[in-house]
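Enquirer: Below you will find the structure I want to go over with you.
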Amino acid sequence: MPETVASSAWVDLPDSSCIKPLQWVGGLDGYIEMIDQTKLPNTLVYIDCRDPETVFAAIQRLSVRGAPAIGIAAAMGLVLGVRDFSGSDPAAFVARVDEVAEYLATSRPTAINLFWSLDRMKRCAASLSRESSPSVGDMKSGLLREAIAIRDEDARSCRAIGQFGASLIPEDGAVITHCNAGSLATAEYGTALAPMYAAHDAGKKFTVYVDETRPLLQGARLTAWELTRAGIDTVLICDNTAAHLFKQDRVQLVITGADRIAANGDAANKIGTYGLAVLAKAHNIPFHVAAPSSTFDFETLCGDDIPIEERHPDEIRRGFGTLTAPEDVACYCPAFDVTPASLIDGLITEQGIIAPVTSERIRQVLRF
Ligand code: MRU
């Protein structure tokens, strides 16, 4: 797989809050250039994806991860999978689009943005095929435009989430986050981190406590990297430190992202989020989830029905290649858990903050 290594992850990117984890380069014969997030924070490596298999593998091994970023990668990956279609029959082209979408949809099960963006691409292909005398060439270009639109809309949603959420950030106080729901997890700017970037840009002073996020350390490797680059006061903690911090009154707010939010507001996010929400409730600390409307799944009525990905046991016992447990010990490694709506004080979306978190309020604010 072609890789480009930039000199150092600490110096090579433009403005602090504007890391773009993946981009389409060139025209229809172009490719996806993405940061290999498995190599951060030590090295900034870019991977070029020129076929859907490379995109599939990148999603599975978390080179690209975070719900919105996975959706963008899949939409662009679909373009890679259909651009060499050699026929001229629009119906056969739509069938090929469906086939590639079905393949990419099996890369990871929990983040709804993956399925949302592939469905949108399939609908786009079907609608282009119904135009008068459609040409397969025009349909291919239309799909590339749609994939880029998905990326650009996500970038705008993240900025709006930042604007809506910034006022929640406590002046001279502290907020805690789990996993990485920052620029790296989206088109740019992030969801949970967006209010922090916006508050920081507005001159607010605050501290962000970052959970390491076992077992793959998205908090330590990615969130701490992003926030420190942005000049935000950042303190990395082990996942088991939050209760102690809360008891000491050192945190006033929790914000996390989400991989999927059910119709009733139950939210799936990185394993450990539910525990953090329970702790926040016990200490009377507001708990917010930040996510664009593409992360809401109205067909899933409650969190119990959200499929939870299980990862390989070696992610626990042999993290980053070092054996830290008996080689053959059994491990249980769910990648996500579900926080019930009753523990969530507000959902920060690009359409506004949804509070209280009820099905009715969600539908009202998102106009669904
Ligand atoms: O396994 P990951 O790294 O893809 O998990 C990511 C998360 O849990 C994020 O918090 C979530 O996708 C929101 S990203 C804006």
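Enquirer: Looking at the stretch 309-338, which of the residues that are surrounded by 13 or more Cβ atoms within 10 Å (Cβ to Cβ) and among the β-branched types (Val, Ile, Thr) is nearest to ALA181 (Cα to Cα)?
Expert: VAL338
Each row is one residue, and each column tells you yes or no for (1) assigned by TED's automatic domain parsing to the domain that holds PRO90; (2) in contact with a strand residue (DSSP E or B) (Cβ under 8 Å, 6 or more places away or on another chain); (3) more than 30 Å from ASP51 (Cβ to Cβ).
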position: SER135; (1), (2), (3): yes, no, no
position: SER141; (1), (2), (3): yes, no, no
position: LEU144; (1), (2), (3): yes, yes, no
position: ALA147; (1), (2), (3): yes, yes, no
position: GLU153; (1), (2), (3): yes, no, no
position: VAL175; (1), (2), (3): no, yes, yes
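Enquirer: Also: Considering each of ALA224, ALA187, ALA198 in turn, give the residue that is under 29 Å from GLU315 (Cβ atoms), outside any loop (DSSP other than H, G, I, E, B) and either among the small types (Gly, Ala, Ser) or not assigned by TED's automatic domain parsing to the domain that holds ASN269 (or both). Explain how you work it out, then say what you get.
Expert: Working: ALA187 fails: outside any loop (DSSP other than H, G, I, E, B); ALA198 fails: under 29 Å from GLU315 (Cβ atoms).
Residue meeting the stated conditions: ALA224.
Enquirer: Right, next: Take the residues in the stretch 319-354 that are among the hydroxyl-bearing types (Ser, Thr, Tyr) and outside any loop (DSSP other than H, G, I, E, B), then tell me which one is nearest to the chain's Cα centre (by Cα). Give the derivation first.
Expert: Going residue by residue through the stretch 319-354, those that are among the hydroxyl-bearing types (Ser, Thr, Tyr) are 322, 324, 332, 339, 342, 349.
Filter once more, so that each one left must be outside any loop (DSSP other than H, G, I, E, B): 339, 342, 349.
Working: THR339: 17, SER342: 23, THR349: 14 Å.
Within the stretch 319-354, the match that is nearest to the chain's Cα centre (by Cα) is THR349.
Enquirer: Also, I was wondering about something else. Please determine whether any residue of the stretch 146-169 is assigned to a loop (DSSP other than H, G, I, E, B) and open to solvent by less than 40 Å² (accessible area, probe 1.4 Å).
Expert: From the stretch 146-169, those assigned to a loop (DSSP other than H, G, I, E, B) are 169; that's our starting set.
After this cut, where a residue has to be open to solvent by less than 40 Å² (accessible area, probe 1.4 Å) as well, the list is 169.
Yes: the stretch 146-169 contains one or more residues that are assigned to a loop (DSSP other than H, G, I, E, B) and open to solvent by less than 40 Å² (accessible area, probe 1.4 Å).
Enquirer: While we're here: Residues ARG229, ARG221, ARG250: which one is among the basic types (Lys, Arg) and in contact with a Leu (Cβ under 7 Å, 6 or more places away or on another chain)?
Expert: Numbers: ARG229 fails: in contact with a Leu (Cβ under 7 Å, 6 or more places away or on another chain); ARG250 fails: in contact with a Leu (Cβ under 7 Å, 6 or more places away or on another chain).
Exactly one residue qualifies, and that residue is ARG221.
Enquirer: Can you find, within the stretch 253-274, the residue that is nearest to the ligand (Cβ to nearest atom) among those that are more than 9 Å from THR339 (Cβ to Cβ) and not in a loop (DSSP other than H, G, I, E, B)? Break it down into steps so the answer makes sense when it comes.
Expert: Residues of the stretch 253-274 that are more than 9 Å from THR339 (Cβ to Cβ), as a first pass: 253-255, 257, 259-265, 270-272.
In the following step, the residues that additionally are not in a loop (DSSP other than H, G, I, E, B) were identified as 253-255, 260-262, 270.
Working: LEU253: 16, VAL254: 13, ILE255: 10, ARG260: 9, ILE261: 10, ALA262: 15, LYS270: 3 Å.
Restricting to residues being more than 9 Å from THR339 (Cβ to Cβ) and not in a loop (DSSP other than H, G, I, E, B), the top hit is LYS270.
Enquirer: Hey, could you check the stretch 291-318 for residues that are in a helix (DSSP H, G or I) and more than 17 Å from LYS270 (Cα to Cα) and say which is nearest to the ligand (Cβ to nearest atom)? Even if it seems obvious, please write down each step before you answer.
Expert: Filtering the stretch 291-318 for residues in a helix (DSSP H, G or I) gives 293-295, 303-305, 314-317.
Going one step further and asking which of them are more than 17 Å from LYS270 (Cα to Cα), we end up with 293-294, 314, 317.
On the way: SER293: 13, SER294: 10, ASP314: 15, ARG317: 18 Å.
Taking the candidates together, the pick is SER294.
Enquirer: Next question, about the same structure. Looking at the stretch 177-221, which of the residues that are hydroxyl-bearing (Ser, Thr, Tyr) and farther than 17 Å from ILE59 by Cα is nearest to the ligand (Cβ to nearest atom)? Break it down into steps so the answer makes sense when it comes.
Expert: Our first condition is that a residue be hydroxyl-bearing (Ser, Thr, Tyr); within the stretch 177-221, this holds for 177, 183, 186, 189, 191, 197, 207, 209, 213.
When the remaining residues are screened for being farther than 17 Å from ILE59 by Cα, the result is 177, 189, 191, 197, 207, 209, 213.
Working: THR177: 9, TYR189: 10, THR191: 4, TYR197: 13, THR207: 20, TYR209: 16, THR213: 8 Å.
By that ranking, first place goes to THR191.
Enquirer: Ok, one more. Could you grab me the full set of residues in the stretch 41-81 that are crowded, with 22+ Cβ neighbours inside 10 Å, of a type outside the set (Lys, Arg) and touching a residue at least 60 places away in the same chain (Cβ under 8 Å)?
Expert: Within the stretch 41-81, GLY66, ALA67, PRO68, ALA69, GLY71, ILE72, ALA75, MET76, LEU78, VAL79 qualify.
The values are calculated or read from the model by the stated rules, or taken from the named source; none is laboratory data. What you see is a predicted model, and the numbers here were worked out from it, not measured in a lab. A quick note on method: Cβ atoms are made from the backbone with ideal geometry, for glycine too, and the neighbour counts reach across all protein chains shown. Keep in mind that these areas ignore ligands, DNA and RNA; they rest on the heavy atoms of the full protein, side chains included. Shrake-Rupley method; radii C 1.70, N 1.55, O 1.52, S 1.80 Å.
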